[in-house]
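Everything below concerns the one structure shown next.
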Amino acid sequence: MSACTIFKNFAVPVEDKSLVIISNWIASDKYKSEVEEIRSLVVQGKTEEASNKKKRLLAFTPSGLFKEKRLLTHLERYTGFLHLDFDKLTPEQLQNAFQVISGIPYTFMCFISPSGNGLKVFIEVDTGMEHHDTAYQQVQKYYEEATGLKSDPSCKDITRLCFMSCDPNLYKNLNYQKFEVALPQSETGIRNTEQESLYQYSDTTRGT
């Protein structure tokens, strides 16, 4: 499984870890105390305080492995994973969307956000960085139509962070299908030839 970079304070790289390891952390109690505090503040209507607390969480870049800085100029490897964020959902919307998303074969992972009222969704596409925008538009459209909900469009950025969370019921499918991106006829032969090598990436290469 490809690795991405974990950051603190939005900009400081901490280490590189695979999405599988990150998913295990989120499904465990590793961030439980911090996340429970954030969710409690949200319930109390203290949104600004909750937002400030959330910013202290570690975060990771699902779409890329970065060196030194979280900038495209410092992108070391494109992972092929896209990240959707469905936010500000009612409990009923969240439950229904989770059921729909976990039933889609392209879904690698889905978990409840630190705020407790959103879902984070992760999908791998079969194209490279040069087709990232096209891939994102198609994946976003597919999942929005499937759920009947709108996702945050700002997640399309390759440098976009996703905060750590705590969800013991996190959904993960290691046998997911890659989302096949529809490309113009002239470009159908251009696919991400590096995808195979991503699975060879060792977590010990940078960070532990």
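If you go through the stretch 120-152 and pick out every residue that is crowded, with 22+ Cβ neighbours inside 10 Å and assigned to a helix (DSSP H, G or I), you end up with 5. Pairs are defined by a Cβ separation below 9 Å, a sequence spacing of at least 6 or placement on different chains, a first member in the stretch 160-182 that is of a type in the set (Asp, Glu) and buried (at least 17 other Cβ atoms within 10 Å of the Cβ), and a second member that is in a loop (DSSP other than H, G, I, E, B) and at pLDDT 95 or above; the pairs so defined are 167/113. For the stretch 10-30, a tally of residues being of a type in the set (Val, Ile, Thr) and over 17 Å from the mean Cα position of the chain (by Cα) returns 2.
Looking across the stretch 29-45, the residues that are part of a loop (DSSP other than H, G, I, E, B) and either without any contact (Cβ under 8 Å) to a residue 60 or more places away in the chain or more than 19 Å from residue 119 (Cβ to Cβ) (or both) come down to 29, 30, 44, 45. Filtering the stretch 1-39 to residues that are touching a strand residue (DSSP E or B) at 6+ places or on another chain (Cβ under 6 Å) and among the acidic types (Asp, Glu) leaves 15, 16.
Considering only residues in the stretch 1-27 that are touching a residue at least 60 places away in the same chain (Cβ under 8 Å) and assigned to a loop (DSSP other than H, G, I, E, B), the one that is surrounded by the most Cβ atoms within 10 Å (Cβ to Cβ) turns out to be 2. Here is a check on your reading of the model: is residue 74 of a type outside the set (D, E, K, R), at pLDDT 95 or above, closer than 24 Å to residue 1 by Cα and in contact with an Asp or Glu (Cβ under 6 Å, 6 or more places away or on another chain)? Against the criterion (of a type outside the set (D, E, K, R), at pLDDT 95 or above, closer than 24 Å to residue 1 by Cα and in contact with an Asp or Glu (Cβ under 6 Å, 6 or more places away or on another chain)), residue 74 qualifies.
Per-residue answers, yes or no, for (1) out of contact with any Lys or Arg (no Cβ under 9 Å at 6 or more places or on another chain); (2) among the small types (Gly, Ala, Ser):
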site: 6; (1), (2): no, no
site: 9; (1), (2): no, no
site: 24; (1), (2): no, no
site: 31; (1), (2): yes, no
site: 40; (1), (2): no, yes
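Is it the case that residue 38 is closer than 30 Å to residue 180 by Cα, buried (at least 19 other Cβ atoms within 10 Å of the Cβ) and among the β-branched types (Val, Ile, Thr)? So residue 38 does not fit the description; no.
The values are calculated or read from the model by the stated rules, or taken from the named source; none is laboratory data. Quick caveat: nothing in here was measured; it's all calculated off a predicted structure. Glycine gets a Cβ as well: all are built from the backbone with ideal geometry, and neighbour counts include every protein chain shown.
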